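The values are calculated or read from the model by the stated rules, or taken from the named source; none is laboratory data. Keep in mind that this is a model prediction, so the values were computed, not measured. Methodologically, a virtual Cβ is constructed for each residue, glycine included, from the backbone with ideal geometry; neighbour enumeration extends over all protein chains shown.
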């Protein structure tokens, strides 16, 4: 971002607060049967840290920095892909009816 | 791709993540919600890749890293038996915690590349954000490993009570705050690793007194922690996608843990403080 540091920091804080309240509002009424898939789903979402690791990797100017970034990317991507598949498998168990547990798969 | 286009695409992925959480909180839309989340992730990753540009040397490394990590993660998640899901989620959390620590370390060693100052002259603000992200990430890392071991039965699910554990935890927390302060003033790399070390110890100590029955709540709480860690890293990098997503997951994870506690008729405070009310805990 081209804004000066203090300004971009403040905007970051605005976004942070708004996103935090959004998270609260969106989740507030979740039925208990979906607790575990939701936890797993939000786990996969913060695989977004992979974006940070990618930054680290392409900004690295030493071999060590590249290694650190590379490991970060592998971990983040592992979390994102694995978390997605796990959540999907959990949700597949609910598939046939709207809330009844069904162990078909 | 210009930075403003990238910022816009990050916004799109942020909105997709919100819709994903929204979808996941209703039984009928949950799978679609999950898919939307994946779409948001794909947009964020591709945007970051394009922003870096294929001419860049690390480009291939990134692609290999994503393919490797994603492949391994997907295969493990496909093969694992349904009953082992909770511990798998815990294991995934530890990955995020570790990744957050690594990104902060990378920023500390190459601050110019991240635009947060020069080596030895990193802006105090960036150091604070970095230190918080690192500490939370490290707590998440070891905490999730303990949660994984307990859920997987490799470690007894019984609460492990150290004598004076509250005094120890408070001592560690205070020293963590002091160390963060010293780090901000001196920017010493040694102090950075001390912060990591203390936070790692704190992660272990916070989780070992918690009984197996409370583990789902703990996993959800760690989920929230790693969200905050991601947001901290987002501030350091000035990356809006990380800030939005981290805050979103952090707060939704916290409220979800609270709801789960209420559903199980357990005191939220006692679960979080690590066996504070362990006399009533069903181990």
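Of all residues in the stretch B:8-32, which are within 7 Å of chain A (Cβ to nearest Cβ) and either within 20 Å of the chain's Cα centre (by Cα) or buried (at least 16 other Cβ atoms within 10 Å of the Cβ) (or both)? Break it down into steps so the answer makes sense when it comes.
From the stretch B:8-32, those within 7 Å of chain A (Cβ to nearest Cβ) are B:17-18, B:20-22, B:24-25, B:27-28, B:30-31; that's our starting set.
The answer is B:17, B:18, B:20, B:21, B:22, B:24, B:25, B:27, B:30, B:31.
Which of the residues that make up the stretch B:160-176 are under 16 Å from residue B:128 (Cα atoms) and either in contact with a strand residue (DSSP E or B) (Cβ under 8 Å, 6 or more places away or on another chain) or surrounded by 14 or more Cβ atoms within 10 Å (Cβ to Cβ) (or both)?
B:173, B:175, B:176
Here is a check on your reading of the model: is residue B:147 over 24 Å from residue B:238 (Cβ atoms), in contact with a helix residue (DSSP H, G or I) (Cβ under 8 Å, 6 or more places away or on another chain) and crowded, with 23+ Cβ neighbours inside 10 Å? Even if it seems obvious, please write down each step before you answer.
On the way: over 24 Å from residue B:238 (Cβ atoms): yes; in contact with a helix residue (DSSP H, G or I) (Cβ under 8 Å, 6 or more places away or on another chain): yes; crowded, with 23+ Cβ neighbours inside 10 Å: yes.
Here the answer is yes, as residue B:147 does meet what is asked.
Being within 22 Å of the chain's Cα centre (by Cα) and within 16 Å of residue B:238 (Cβ to Cβ) narrows it down to one residue among B:138, B:104; which is it?
Every option except B:104 fails the conditions.
Determine which single condition residue B:43 fails, assuming it passes every other condition in (1) closer than 20 Å to residue A:49 by Cβ; (2) within 7 Å of chain A (Cβ to nearest Cβ); (3) at pLDDT 85 or above; (4) surrounded by fewer than 21 Cβ atoms within 10 Å (Cβ to Cβ).
Going through (1) closer than 20 Å to residue A:49 by Cβ; (2) within 7 Å of chain A (Cβ to nearest Cβ); (3) at pLDDT 85 or above; (4) surrounded by fewer than 21 Cβ atoms within 10 Å (Cβ to Cβ) one by one, residue B:43 breaks only (2).
Among B:126, B:135, which is in contact with a strand residue (DSSP E or B) (Cβ under 8 Å, 6 or more places away or on another chain) and part of a helix (DSSP H, G or I)?
Working: B:135 fails: in contact with a strand residue (DSSP E or B) (Cβ under 8 Å, 6 or more places away or on another chain).
B:126 is the lone residue from the list that is in contact with a strand residue (DSSP E or B) (Cβ under 8 Å, 6 or more places away or on another chain) and part of a helix (DSSP H, G or I).
Just checking, does the stretch B:209-220 include any residue being closer than 17 Å to residue B:136 by Cβ and facing chain A (nearest Cβ under 8 Å)?
yes
Search the stretch B:51-80 for residues being surrounded by fewer than 17 Cβ atoms within 10 Å (Cβ to Cβ) and at pLDDT below 85, and hand back the single one that is nearest to the other protein chains (Cβ to nearest Cβ).
Filtering the stretch B:51-80 for residues that are surrounded by fewer than 17 Cβ atoms within 10 Å (Cβ to Cβ) and at pLDDT below 85, the one nearest to the other protein chains (Cβ to nearest Cβ) comes out as B:56.
Working carefully through the options A:83, A:72, find the one that is surrounded by 24 or more Cβ atoms within 10 Å (Cβ to Cβ), within 23 Å of residue B:80 (Cβ to Cβ) and within 7 Å of chain B (Cβ to nearest Cβ). Quick ask: steps written out before the conclusion?
Numbers: A:72 fails: within 23 Å of residue B:80 (Cβ to Cβ).
The unique qualifying residue is A:83.
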